[in-house]
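First the structure, in the form of structure tokens, and then the observations on it.
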Amino acid sequence: MNKNRRRKVDVSHRKNERGAAMVMVLLMAFLLLAASAGLLLEASLNTANVTDATAEQQAYNAAESGIQSVLNVLRGNTVPSVLLDNSKPADDPANRIDFKKAIDLADSNLPGDSSTQARLSRWINYNFTPSGSSNADRVTIGTTTYAPDTGYAFRISLTDPDNTGTDISYSTSGNIDGSGSSKTFGSSGNTATITYVPTTAINVDVSSGTAATEFGYFLVSTAGSGATIADDVRFSIEVNMTQPYTATRVFRGFIEAGTITNSSVGSSRLNFDSIAFVLMGSKSTLSADPMTLNPPNVNGGRTDLNATTTPAEPIRLRVNAVGFGPRGARKRLEAIVQKNFFNGMTAPATLTLVGPTTGFVFNPGSSNVTEYSGEDVVSDVQIPPIGTTNQTNLDVVQDSVDGLPPHPFNGDVIGTPSNINAELPTWLQSAANLDQTIQALRNVSQSSGRYYASGVVPPNIGDNANARGITFADGDLELSGAGGGILVVTGKLTFKGNFNFNGLIIVTGAQGVERNGGGTGTLQGNIVVAPYDPSDLAAGWIGPKYDLSGGGSSDIVYNSSSLANGLTAVSNFVLGVVEK
């Protein structure tokens, strides 16, 4: 028997399974097709996402370019395409940008610009008009022809986060001849009394650009036949801003000598050292100078101190920047820009001497061609030519400029030396405050390569022609030649030979300022001598020293334009940026 004989297999029962393999092949092919389609779709979506992310980043970069363009304008690096004052050159203060002009539609934007937002179109060229718009509202980036689907652009708008341009509030106080707010002349029942009546609170609406203001009034009264004012009498009116900022300026002047009766004040008038002052960017201008006093039988003896006032200048700006990238991408950034470390307030006198009587030295120099002037070179504002922070030091200064020993002065003083203690800005109100400012200036100078350690001689002292740049001398420094901007000296500053500086000088060393040798010199701006010991801030100020006995001539002159240029070295810095 053949055991290897094959058995016949009956497959008739599997006839219904014919084609199953084909179905399985088709199912597997379908699954592979679906997977392939998913992979292709994922790849396609990923490519689109990458493209959109790139476009968004490009829009973000465009918005950042908008912020940088604003900073470039605010730092004075761009000339307006249409001057604000055609009668003056482009670099004149009338045509120079500031925070107030930046947010004012009429100044910020070009004439005829229909935008309702301040957007610096006078300084920045908006050169693309989107479809359906009647106004160009984008600044394109790049040199090629701009297309929204492929190019980059931005637009910006500026606002005031502190709303400084609407209202200003003041209170005032006064002093006549150091006797308080009232002074009586004469005796034996025949007297004349002049009283300053302050304003306890005055709110001024400056939203229209200028507003009438009254800083209190003078009141004249008599008894008997009146009295005679034998000599000119000094007075001061302290104007304290309480809104939008806290700051102080002083109207100073004198009452002319004359005879006052019930119906006449003779030649007695109010004469002001300056008809105007600027406080936090707000300019107040008196209606007249001199101002005639009314006798008792005219307006009840009342003479109002009428003035006009302009809005304050913001110390911060809000910059809204919208960046446009390809494929309709948009990014909006918001930045807050700080004006400078000084919060809009520079020194209150051309030569400001901060500190106590102990150790105080003042020698203005013996040359008859030396001048100290508080008259602003570029405006009608006048500040004290020399300022001290106490009456005793002021008496020493006044004796010297009056030609009295021990340091008689033969030169000219334009204006009246004054006690400016009430007007000190925040950064000069204490040694600790000044040290904080000095540290900030040190950081800026280090980051810009303008910091010089003790014993290192700076190759230059800034830009004299444009009054720009910062120089930080951490120790003693001899100043000769030309310079400009901001100069900080933490040791002794020695003027040597011929020198010419435009801007702000701050000296904090205990040895102050000294003149060595002959030559001529000119300073246009401010110089502050405010010595202190940084290792012992609690001790406060050290007596300031200013000694020009070394010979030579010099002119120390107030120039607000040089100061403004100098402060650009530490101005318009971004406090923070947020994506909206």
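The values are calculated or read from the model by the stated rules, or taken from the named source; none is laboratory data. Bear in mind that the values here come from a model prediction, so they are computed numbers and not experimental data. Methodologically, a virtual Cβ is constructed for each residue, glycine included, from the backbone with ideal geometry; neighbour enumeration extends over all protein chains shown.
Of note, T494 satisfies the criterion of being polar (S, T, N, Q), under 26 Å from P356 (Cα atoms) and in contact with a Lys or Arg (Cβ under 8 Å, 6 or more places away or on another chain).
For the criterion of being of a type outside the set (D, E, K, R), surrounded by fewer than 16 Cβ atoms within 10 Å (Cβ to Cβ) and in a strand (DSSP E or B), N240 fails. For the range 187-201, a residue qualifies if it is assigned to a strand (DSSP E or B) and modelled with pLDDT of 95 or more, and the qualifying residues are N190, T191, A192, T193, I194, T195, Y196, V197.
Listed conditions (1) at negative phi; (2) out of contact with any strand residue (DSSP E or B) (no Cβ under 6 Å at 6 or more places or on another chain) are all met by G403, apart from (1). Residues that are assigned to a strand (DSSP E or B) and small (G, A, S) do not occur anywhere in the range 130-149. Scan the range 549-559 and tell me whether some residue there is in contact (Cβ under 8 Å) with a residue 24 or more places away in the chain, touching a helix residue (DSSP H, G or I) at 6+ places or on another chain (Cβ under 7 Å) and surrounded by fewer than 19 Cβ atoms within 10 Å (Cβ to Cβ). No, the range 549-559 contains no residue that is in contact (Cβ under 8 Å) with a residue 24 or more places away in the chain, touching a helix residue (DSSP H, G or I) at 6+ places or on another chain (Cβ under 7 Å) and surrounded by fewer than 19 Cβ atoms within 10 Å (Cβ to Cβ). If you go through the range 202-237 and keep only what is touching a Ser or Thr at 6+ places or on another chain (Cβ under 9 Å) and either outside the structural domain of S188 (by TED's automatic domain parsing) or assigned to a loop (DSSP other than H, G, I, E, B) (or both), you end up with V206, S207, G209, T210, G224, S225, G226. In the condition set (1) assigned to a helix (DSSP H, G or I); (2) more than 27 Å from the chain's Cα centre (by Cα); (3) over 30 Å from T358 (Cα atoms), P459 is compliant with all but (1).
Checked against the criterion of being more than 28 Å from T357 (Cβ to Cβ) and of a type outside the set (D, E, K, R), the range 473-480 has at least one qualifying residue. When you scan the range 170-189, do you find a residue that is of a type in the set (K, R) and either under 29 Å from Y245 (Cα atoms) or touching a helix residue (DSSP H, G or I) at 6+ places or on another chain (Cβ under 9 Å) (or both), even just one? No, that holds for no residue. Could you please tell me which pairs satisfy a Cβ distance under 9 Å, a separation of 6+ or placement on different chains, a first residue in the range 511-536 that is closer than 24 Å to Q382 by Cα, and a second residue that is among the acidic types (D, E) and in a loop (DSSP other than H, G, I, E, B)? Nothing qualifies.
Among the residues of the range 385-403, are any out of contact with any Phe, Trp or Tyr (no Cβ under 7 Å at 6 or more places or on another chain), part of a strand (DSSP E or B), modelled with pLDDT of 90 or more and surrounded by fewer than 21 Cβ atoms within 10 Å (Cβ to Cβ)?
Within the range 385-403 (the criterion being out of contact with any Phe, Trp or Tyr (no Cβ under 7 Å at 6 or more places or on another chain), part of a strand (DSSP E or B), modelled with pLDDT of 90 or more and surrounded by fewer than 21 Cβ atoms within 10 Å (Cβ to Cβ)), the answer is no, since none of the residues qualifies.
Here N306 fulfils each of the conditions (1) within 21 Å of T199 (Cα to Cα); (2) part of a strand (DSSP E or B); (3) under 22 Å from the mean Cα position of the chain (by Cα) apart from (3).
All conditions in (1) modelled with pLDDT of 95 or more; (2) crowded, with 16+ Cβ neighbours inside 10 Å hold for G483, with the sole exception of (1).
Would you point out which residue out of A118, A90, A102 is modelled with pLDDT under 90 and within 21 Å of the chain's Cα centre (by Cα)?
Working: A118 fails: modelled with pLDDT under 90; A102 fails: modelled with pLDDT under 90.
So the residue among A118, A90, A102 that is modelled with pLDDT under 90 and within 21 Å of the chain's Cα centre (by Cα) is A90.
If you check V265, V250, V337 for being farther than 29 Å from D205 by Cβ, in contact with a strand residue (DSSP E or B) (Cβ under 7 Å, 6 or more places away or on another chain), crowded, with 19+ Cβ neighbours inside 10 Å and not small (G, A, S), only one passes: V265.
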